[in-house]
Structure formats: C-alpha cells, structure tokens
Amino acid sequence: MTVDISARLAEVMPGIRRDLEDLVRIQSVSADPARAGEVERSAEATRDLFAAEGFECEIVRAHDGAPPAVIAKKAGPEGAPTVLLYAHHDVQPENDHADWDSPPWEPTERGDRLYGRGAADDKAGIAAHLGAVRIFGDDLPVNLVMFIEGEEEVGSDTLVELLTTYQDRLEADVIVIADSGNWDIGEPALTTSLRGLVRMDVEVRTLTHAVHSGMWGGLVPDSIMTLSRVIASLNDDQGDVAVAGLHSGPAADVDYPEARLRAESGAAEGIEWIGSGSVVERLWTKPSISITGLDAPKVEGASNTLVPAARCRISMRIAPGDTTANAVQCLQAHLEKHTPWGATLTTTVVDTGEATQIDASGPAYDAARAAFAEAWDGTAPVDMGVGGSIPFIAEFLEAFPQASVLVTGVEDPDTRAHGANEGLHLAEFEKVVKAEALLLRNLGELPRS
C-alpha cells in the first residue's frame, strides 16, 4: 500500500507534539548525578513510545552503572535495506532559571517556537524519528533500528563499548544521526564535516611560593604575565592559529551574510573578525584555539603578590583531515617553544574527539537530497560543515564502515542549544519529520541486492 505522506503527516503531528512535550518535562541531565533517576525515566519513556508502535525494545547499557540507551527494532519488507535512526535522550543542564523567559522544564510555545531544555537538542530528534514511524505505521518501507543514547551530553564515554557489544543488533545499511541542524529557516542541510576537539589544561610556574610584587617585581617573572605570553603566542597578529603542523582545508562555497553572522555570533558592536580565508573556512575547515577557563586571583581583593602558578584551559578545534594525535603533538611542541623565562610548563590533555569528513555521495545521499528538496518545496539541501564537534560520528563510521552515514537534525541558527531559551522552530520541525519519512520511502525504493 502506498502511504500518503503529506496526509499522514498532518494526522500524526499533534500527537508527536504532545509526546515531545512530555519528554521535555523529564529532567534527564546526564551531567547531574542527582538526576540519574530522571535519565532512567527518560529512557523508559523513550522505550515505551517505540514499543507502542510495535518495536521490539530494550534498555541497554555498556556495563553496570552506565547510562541507559534504548535499542528498538521493527521489520519492514523482506530484502529491504536496514536503516538505523540515532538520537539521544539526555540533555544539558538548564543552569540559571533566571536566564529563561519561561520555565526550562515546562515546554512553552511563544511565537513560532517551542521552548524548553531538550525541545530541540535532542528530544526533537527522537520525536522526528517517532513521527516518521507513525506516518508509515505497519507499512514500513525499510527495516528500522532505533538507537537512542543516554550520555551524549557528557561525551558518550561508553558509546564504543555499546557499539561493540550490540553490533549485531545495530548493523545497518544507512545510519541517520539526528543531532545536527539546518543551514537556516527554510534551507535544509546535510552535515558533511565536523571539526575535532582537543582540550588541554596548561600550567606555568615561576615561583615556589608567592612573593611581594614590590620586593621582587622587575626581576622575578610572575606566572600570570608568563601565561599571558604563552596564550598570546597561539594566534598571529591576524588571528590565525600560529601552531605549526595543523591541517586546514577548503570549505563549501556557501555565503554567510555579514548581518546574519553578527546576529548569530553575538559579537559585540565594533568587534573585528579574526583569521583569514572565507567565513565558513574559518568556522568549519580551519583550526581554532580558544581559552575557556583561567585560574588566577580575582581582581576584587587581589593583593600585591606575585602568584607562583597560573593555569588555563585551551579548547582547540581541529580541521577535518587532521587527527587528535597530531594536534596534541603540535600544540605541545608549540607551548614548550613559547614558554618564556625558564618557567615550568605542565600540560594535561582533558579529552579529545576526532574530526569527521563524510563522502556524501552515492544512492543513500541522493535519496536524502531528494527527500529534503521535496520536504522544503524544492529547496535543495546545503552540504554544511559544523565548527563544533560530535566525536561519536567518527566512532559510527569506524564501527560500521560499509554504512552510509547521514547527519541531519532539527536545529537552526537560533535554536540556542545548550543555552537559555533553547527553542524548536515548529514549522521547520514539521518539515524535518516529513523529510525523514520521504527519506525512508526513497531508501525503500532503491534497487535491492
């Protein structure tokens, strides 16, 4: 039987909206041990949603005490391809409620958006999968596997173990990872590259103990000034990363208008951009270095003292085509070379995540592009890079090298994922659900081996 996707979409969306709102009300903050029970409840709610659609469902974990994931399976026609649909049910902390315009755990519609923690990232990913499933009911065009993770927001530490342990259940021809976004409202995208990540803590020490700045200043280097010089060496005068040996590459020919760039970046009035190359090269396919933490005495109450040690955290994004091993080695060598005045340098790698470059060619990608263009009324999807990192995508590519991996999502430039007033654009979300259903239909129509 041929399913009228547009008609069914209109029928299922009200229920999908209610189910999404119920998921948002669950405070599944994986970073908060006090809310571990809420993460469990979120997994159970997700399992129950797919069980109600006829899936064989199970809550799994890599080992005792590990966060819960959901694996669900439902068969389609014999010989049809198998498609794995990924999302995650854990969310970021909501932080200060005063920064929100409505309660973070009570989904609230304002204007064209639904606001709440997880309303987009990534409970809307779960809801999009559920919507596509409900459109087809028992007439699935493909075999489906759901894999809904419960620790993405804390680094997916046990994902590799899960992929190894449950590889036979997760094996698929096509993997759809719904944890990215679209280029803009009305402009869909496939994410084809993501930068990798190296976070490193750096300490410089110049004294064995604190001393008076008047007695010893001018002779003994203080640690804060020393660390400042190290930090300043990381970028050249134009703002490009000055660490030798890192990879850079070209980016898609995509225009990023200045007005939109300023609005979305939150740049202060009059600020100038750093670096060279096109905007999207600087954001997607060139390395960047930021300082995200600094340990030093507060200005208020500071005494006339030279502190013996100062510390910072470096967040380095590495370009697709590079490796974390190379990036760590290059950064370490640079820091050692640029630590002045005989100061003692200590570095600690906090964590790493590999960059991803997807060869988005072949029948599955053609099926996706056709589905997106149809859902967005003829607007073809952009092949988009992402400056941030989703390291687990590289892990999927390694675990399932024969699968076509499609990275999609529900977010848009104003989603504000991880921040206050996270919001889902409701009209775009409906297009996302339709596009996924069309993708499944198109994959089911591919020639079978």
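Compute, for region 178-238, the length of the dipole vector about the Cα centre, with Cβ point charges of +1 (Lys, Arg) and -1 (Asp, Glu) only. Units Debye, rounded to 20. Don't jump to the answer; show the numbers that get you there.
Values: 4 positive and 8 negative charges, 70 e Å.
Dipole magnitude for region 178-238 comes out near 340 debye.
Once you keep just the Cα pairs under 8 angstrom separated by 6 or more residues, what percentage relative contact order results for the chain?
RCO, the chain: 25 percent.
How large, in percent, is the carbon and sulfur part of the accessible surface of region 1-87 at a probe radius of 1.4 Å?
Its accessible area is 48 percent carbon and sulfur atoms.
Using a simple charge model, +1 on the beta-carbon of Lys and Arg, -1 on the beta-carbon of Asp and Glu, nothing else, what dipole does region 177-316 show about its Cα centre, in debye to the nearest 20?
Dipole size: approximately 640 debye.
Give the carbon-plus-sulfur fraction of the accessible surface of region 167-240 in %, rounded to a whole number; probe 1.4 Å, heavy atoms of protein chains only.
In region 167-240, the share of accessible area belonging to carbon and sulfur is 51 percent.
Quick one: order T208, T82, T415 from most to least accessible surface, probe 1.4 Å.
Sorted by accessible area, descending: T208, T82, T415.
Please report Rg over Rh for the chain, where both radii come from the alpha carbon positions and Rh follows the Kirkwood definition.
1.02
Expressed in nm to one decimal, what extension gain is obtained for the pair R169 and A325 from 0.36 nm per residue of sequence separation less their Cα-Cα distance? Can you show the working numbers first?
Working: separation 156, 0.36 × 156 = 56.16 nm, distance 3.14 nm.
Here the answer is 53.0 nm.
Once you have all Cα-Cα distances for region 1-115, histogram them in 10 Å bins from zero and send the whole-percent values.
In whole percents, the pair-distance histogram is 11, 33, 33, 18, 4, 0.
Can you work out ³J(HN,Hα) from phi for every residue in region 308-322, in order, using Karplus 6.51 cos²θ - 1.76 cosθ + 1.60 and θ = phi - 60°, giving whole Hz and x for Gly and Pro?
x, 8, 9, 9, 9, 10, 9, 10, 10, 9, 10, 6, x, x, 9
Which ³J(HN,Hα) values in Hz, rounded to whole numbers, follow from the phi angles of region 420-435 under the Karplus curve 6.51 cos²θ - 1.76 cosθ + 1.60, where θ = phi - 60° and Gly and Pro get x?
For region 420-435, the Karplus-derived couplings read 5, 6, 4, x, 10, 6, 5, 5, 5, 4, 4, 5, 4, 4, 4, 4 Hz, x marking Gly and Pro.
Using a 1.4 angstrom probe on the protein heavy atoms only, could you order K337, K74 from most to least accessible area?
Ranking K337, K74 by accessible area, largest first, yields K337, K74.
For region 318-449, count all C-alpha to C-alpha pairs, find those more than 25 Å apart, and express that count as a whole percent of the total. Present the calculation step by step, with values, prior to reporting the outcome.
Values: 4070 of 8646 pairs.
The calculated P(r) of region 318-449 puts 47 percent of pairs beyond 25 Å.
Find the relative contact order for region 232-347 and round it to a whole percent, using C-alpha pairs within less than 8 Å whose residues are 6+ positions apart.
Details: 118 pairs, mean separation 37.9, N = 116.
Relative contact order for region 232-347 comes out at 33 percent.
Bin by bin, in steps of 5 Å, what percent of the Cα pairs in region 284-379 do you find, going until the bin that has the longest distance?
2, 9, 14, 14, 12, 11, 9, 8, 6, 5, 4, 4, 2, 0
Which of A417, A259, A244 ends up with the largest GNM mean-square fluctuation for the chain, with Cα atoms connected below 10 Å?
Among A417, A259, A244, the largest mean-square fluctuation in the Gaussian network model of the chain belongs to A259.
Once the Cα atoms of helix 36-51 and of the chain are each reduced to a long axis, what angle between those two axes, in degrees from 0 to 90 to the nearest 10, is obtained?
Taking the Cα atoms of the chain, the angle to 36-51 is about 30 degrees.
Kindly report the accessible area of the chain per residue (heavy atoms of protein chains, probe 1.4 Å, no ligands, DNA or RNA), in Å².
Per-residue accessible area for the chain comes out at 44 Å².
Do any GluC sites (Glu not before Pro) in region 353-449 lie in a loop, going by DSSP, with at most 14 other beta-carbon atoms within 10 Å of their beta carbon, and if so which? Don't jump to the answer; show the numbers that get you there.
On the way: sites: E354, E374, E395, E398, E411, E422, E428, E430, E436, E445; in loops: E354, E422, E445.
Those satisfying the criteria are E445.
Would you work out which of S42, A72, V29 lies farthest towards the positive end of the dipole of region 21-156, given +1 charges on the beta-carbon of Lys and Arg and -1 on that of Asp and Glu, about the Cα centre?
Working it through, the farthest residue towards the positive pole turns out to be A72.
Kindly provide the helix-only [θ] at 222 nm of the chain, computed as the sum of -39,500 (n - 2.57) over DSSP H runs of four or more divided by all residues, to the nearest 500 deg cm²/dmol?
About -9500 deg cm²/dmol.
Given the convex hull of the Cα atoms of region 376-449, what is a quarter of its surface area in nm²?
Values: hull surface 27.6 nm².
So the mean shadow area of the Cα hull is 6.9 nm².
Give the accessible area for W273 in Å² (nearest 10); use a 1.4 Å probe, count only protein heavy atoms, and leave out ligands, DNA and RNA.
Counting only protein heavy atoms, W273 exposes about 90 Å² to solvent.
Quick one: putting +1 on the C-beta of Lys and Arg, -1 on the C-beta of Asp and Glu, what dipole do you get for the chain around its Cα centre, in Debye to the nearest 20?
Rounded to the nearest 20 debye, it is 880 debye.
Antiparallel as a % of all DSSP beta bridges within the chain, to the nearest 5?
65 percent
Would you work out which of P447, A417, F429 lies farthest towards the positive end of the dipole of region 409-449? Charges go on Cβ: Lys and Arg +1, Asp and Glu -1.
Of the candidates, P447 comes out farthest on the positive side.
What distance in nm separates the simple spin-label points at Q238 and Y256, each placed 7 Å from Cα in the Cβ direction?
Here the answer is 1.7 nm between the modelled labels.
With the cut-off at 1.5 for a/c, could you classify region 238-321 from its C-alpha gyration tensor as rounded, prolate or oblate?
On the way: a/c = 3.44, a/b = 1.72, b/c = 2.00.
Oblate shape, in that a/c is at least 1.5 and b/c is the bigger or equal ratio.
Keeping every protein chain in place, order D237, D201, D96 by accessible area at 1.4 Å, biggest value first, i.e. largest first.
Heavy-atom accessible area, descending, gives D237, D96, D201.
Please report, in Å, the Rg and the Dmax of region 322-372, where both are computed over Cα atoms only.
Answer for region 322-372, Rg first and Dmax second: 20.0, 60 Å.
With a/c under 1.5 counting as rounded, go ahead and sort region 35-171 into rounded, prolate or oblate using the C-alpha gyration tensor (a ≥ b ≥ c being the square roots of the eigenvalues; past the cut-off, prolate if a/b is larger than b/c, else oblate).
Oblate.
Report ³J(HN,Hα) in whole Hz for each residue of region 224-233, in order, from the Karplus equation J = 6.51 cos²θ - 1.76 cosθ + 1.60 where θ = phi - 60°; Gly and Pro get x.
Running phi through 6.51 cos²θ - 1.76 cosθ + 1.60 with θ = phi - 60° gives 5, 4, 5, 4, 4, 5, 4, 4, 4, 6 Hz.
Projected onto the charge dipole of region 40-132 (+1 at Lys/Arg Cβ, -1 at Asp/Glu Cβ, origin at the Cα centre), which of F55, Q92, A124 gives the Cα projection farthest towards the positive end?
F55
What is the count of Lys pairs in the chain whose alpha carbons sit under 23 Å apart, if the two are 8 or more places apart or on different chains? Numbers along the way, then the final one.
Numbers: K73/K123; K73/K434; K74/K123; K74/K434; K123/K431; K123/K434; K286/K337.
Taking the chain as the scope, the lysine pair count is 7.
When all protein chains stay in place, what accessible area (Å², nearest 10, 1.4 Å probe) is found for I274?
110 Å²
The values are calculated or read from the model by the stated rules, or taken from the named source; none is laboratory data. Note that the structure is a prediction, hence the values are computed from the model and not measured. Note: ideal-geometry Cβ built from the backbone for every residue, glycine included; neighbour counts use all protein chains shown. With ligands, DNA and RNA removed, areas are computed over all heavy atoms of the protein, side chains included. Shrake-Rupley method; radii C 1.70, N 1.55, O 1.52, S 1.80 Å.
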